[in-house]
Amino acid sequence: MLAILSVLFLYLYSPVCGVFQKLYCSMSDSCECDFKPNIRDLEWDLYKNVYGQHLAQEIVSEEVARFLQNKSPERPLVLSFHGSSGTGKTLVSSMLGNHLYGSAMSSPYIHQFIPTLHFPFPDRVKEYREELKNWVQGNLTECARSVFFFDEMEKMPPGLIDVLEPFLGPSHVVFRTNYRKAIYVFIGTTGYKVINKMALESRQAGRDREDIKLADLQAAIAQVVYNSTTSGFFQSRVILQKLITRFVPFLPLSRRHVERCVHSQLCQRGSCGRSDVVEAVGGDMLYTPVQGHYFSTTGCKAVPAKINLFL
Ligand SMILES: Nc1ncnc2c1ncn2[C@@H]1O[C@H](COP(=O)(O)OP(=O)(O)OP(=O)(O)O)[C@@H](O)[C@H]1O
Ligand SMILES: [Mg+2]
């Protein structure tokens, strides 16, 4: 019975067949049942709650929408986030996860890897490669819509991520496993120098932040991660084979962005009206370069600690 309903679910997946879907999902724990992507909510969340990151907002919305509209994508969606600390990389990755699955980031189909926790010993790369490959393959067999986040890529032992090469490209659809529907997000600070340099030049030339165009940054970031021993992609075939769909740059945050972070966190604590704290925290952050004091050295990362100090 379940098999018949599965076939109906797979082939007749449309609003008309909602009734079959409901019936199927009431009996099955298929990940398709929990997969409820809401692009509009994702766009709104990015637009409303991420400050000063027009490139990340645009690319993530655009690429995720394009990928999900395609019922049989030719390759998985592979995004790589880059930028200095506290600029919103982990925040945006959580937003993405939250709007893909009904059970948000606690979904069993969303997998997060943190090198210091999962791959702490660089001399065990061989073992880790095997484990990671089996984990990814096993989970894709369970759920083609699996999402994999790799945070703190700068601490990823070199050579480990290359084991994913066959999954990231337009590989064949193996029985019960469709590698092309998965989403991979790599997150790291590598490349922040080239991103911050461009932001600084733009600012010094009096141009708008929004005038910074992505095209100039894509190739530069690819080159830096390929050449850096601490990017997780050092001399990686993943870069050579151009398996990253898009590099997503996160720009350094200015004082006005930091103050928006302070305001938003004060509101969450029920102290929306404390503009004195907004001003005090904004003024207490460190900004670079010495001449101009344009960008916060820690983005919004130190905001909660500073609020505690001034509230
Ligand atoms: N652009 C932003 N807009 C709104 N909030 C932000 C932004 N950047 C950072 N924050 C807030 O600051 C804190 C740190 O952000 P996050 O963890 O996303 O930084 P990160 O870029 O991942 O830094 P790291 O490289 O150190 O991991 C979070 O509470 C987040 O909500
Ligand atoms: Mg982070």
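Across the stretch 159-271, counting alpha-carbon atoms alone, Rg and Dmax equal 18.4, 56 Å. Using only Cα atoms, find the angle between the long axis of helix 54-69 and the longest principal axis of the chain, and express it within 0 to 90 degrees, rounded to the nearest 10. Orientation of helix 54-69: about 10 degrees from the principal axis. As I understand it, the dipole of the stretch 202-286 uses +1 on the Cβ of Lys and Arg and -1 on the Cβ of Asp and Glu, about the Cα centre. Which of T245, S275, S231 lies farthest toward its positive end? Among T245, S275, S231, the one farthest towards the positive end of the dipole of the stretch 202-286 is T245.
Over 20 Å apart at the Cα level, from the set K193/K213; K89/K181; K36/K133; K126/K155, are K89/K181; K36/K133. Classify the stretch 211-306: rounded, prolate or oblate, from the alpha-carbon gyration tensor (a ≥ b ≥ c, eigenvalue square roots; a/c under 1.5 rounded; otherwise prolate if a/b is larger than b/c)? Prolate shape, in that a/c is at least 1.5 and a/b is the bigger ratio. Taking a virtual spin label 7 Å from the Cα of I39 along the C-beta vector, which residues in the stretch 97-134 bring their backbone nitrogen under 15 Å of it? Answer for the stretch 97-134: 99-100.
Compared with the alpha-carbon gap, the fully stretched path from R255 to F310 is longer by 18.1 nm at 0.36 nm per residue.
Length gained on full extension, K193 to N227, computed as 0.36 nm times the residue gap minus the Cα-Cα distance: 10.9 nm. Derived scalar couplings between HN and Hα for the stretch 230-247 equal 10, 9, x, 10, 4, 6, 7, 5, 4, 7, 4, 7, 6, 8, 7, 4, 8, 8 Hz in order, rounded to whole Hz, by the Karplus curve 6.51 cos²θ - 1.76 cosθ + 1.60 (θ = phi - 60°), x for Gly and Pro. The Cβ shell under 10 Å around Y101 holds other residues with a net charge of +1, Lys and Arg each +1, Asp and Glu each -1.
With axes computed from alpha carbons, what is the tilt in degrees of helix 89-98 against the longest principal axis of the chain, rounded to the nearest 10 within 0 to 90? So the helix axis and the longest Cα principal axis differ by about 30 degrees.
Counting neighbouring Cβ atoms within 10 Å and putting the fewest first, the residues C272, C261 line up as C272, C261.
A cut-off under 15 angstrom between Cβ atoms defines the neighbours of L309, and their net charge, with Lys, Arg +1 and Asp, Glu -1, is +1. Note on the stretch 39-250: along the principal axes its Cα atoms extend 55, 40, 28 Å, ordered by decreasing extent.
Distance between the modelled labels on W135 and D276, one decimal in nanometres: 4.9 nm (7 Å Cα→Cβ projection).
Share of pairwise Cα-Cα distances greater than 14 Å in the stretch 255-310 is 46 percent (whole percent). The spread of Cα positions in the stretch 191-246, taken along each principal axis and listed from longest to shortest, comes to 39, 21, 10 Å. In the chain, helices alone account for a calculated mean residue ellipticity at 222 nm of -14000 deg cm²/dmol, with every DSSP H run of four or more residues adding -39,500 (n - 2.57). This ranking places R269, R246, R145 by how few other beta-carbon atoms lie within 10 Å of each, fewest first, which gives R269, R246, R145.
For the chain, the longest principal axis of the C-alpha atoms and the axis of helix 214-227 are separated by about 80°.
Placing +1 on each Lys and Arg Cβ and -1 on each Asp and Glu Cβ, with no other charges, gives the chain a dipole about its Cα centre of roughly 200 debye.
Since every read-out is calculated from the coordinates, none of them should be taken as a lab result. Just so you know, these numbers come straight off a predicted model, no measurement behind them. Every residue, glycine among them, receives a Cβ derived from its backbone with ideal geometry; neighbour counts consider all protein chains shown.
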